[in-house]
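Enquirer: Have a look at this one before I ask anything.
The values are calculated or read from the model by the stated rules, or taken from the named source; none is laboratory data. Here the structure is a predicted model, which is why all the values come from computation and not from measurement. When we count neighbours, we look across all protein chains shown, and the Cβ atoms used for this are built from the backbone with ideal geometry, even at glycine.
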Amino acid sequence: MARDGSLFRKHSQYEYRVMTFDPGTTVPDARRALTEEAEYGHWELARTRLYIGGRRKVWLRRKIIKVSSTL
């Protein structure tokens, strides 16, 4: 299953999150986890990396919306 390192990094306009999937994670399970993050957390896919041994690392990003005070 997905190990959620919950690594949050903030760059100029985007916030990044890294998710890691073990080799035993099936493609439908990984897709389901990423779909949930995209739908409910408003994340989009930024990068994927497949490592030797089958481990996958996925970087998600979402735009940082700055809210200014109206008072």
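Enquirer: Tell me, which residue of region 9-35 that is hydroxyl-bearing (Ser, Thr, Tyr) and either surrounded by fewer than 10 Cβ atoms within 10 Å (Cβ to Cβ) or over 11 Å from residue 59 (Cβ atoms) (or both) is modelled with the lowest pLDDT?
Expert: So the residue we want is 12.
Enquirer: With the requirement that a residue be surrounded by 12 or more Cβ atoms within 10 Å (Cβ to Cβ) and either without any contact (Cβ under 8 Å) to a residue 12 or more places away in the chain or basic (Lys, Arg) (or both), what does region 39-49 give you?
Expert: 48
Enquirer: Ok, one more. If I ask for residues that are within 16 Å of residue 64 (Cα to Cα), in contact with a strand residue (DSSP E or B) (Cβ under 7 Å, 6 or more places away or on another chain) and outside any helix (DSSP H, G or I), which ones from region 10-47 would you list?
Expert: Correct list: 13, 14, 15, 16, 17, 42, 43, 44, 45, 46.
Enquirer: From the residues in region 48-71 that are of a type in the set (A, V, I, L, M) and either assigned to a loop (DSSP other than H, G, I, E, B) or modelled with pLDDT under 85 (or both), which one is farthest from the chain's Cα centre (by Cα)?
Expert: Filtering region 48-71 for residues that are of a type in the set (A, V, I, L, M) and either assigned to a loop (DSSP other than H, G, I, E, B) or modelled with pLDDT under 85 (or both), the one farthest from the chain's Cα centre (by Cα) comes out as 71.
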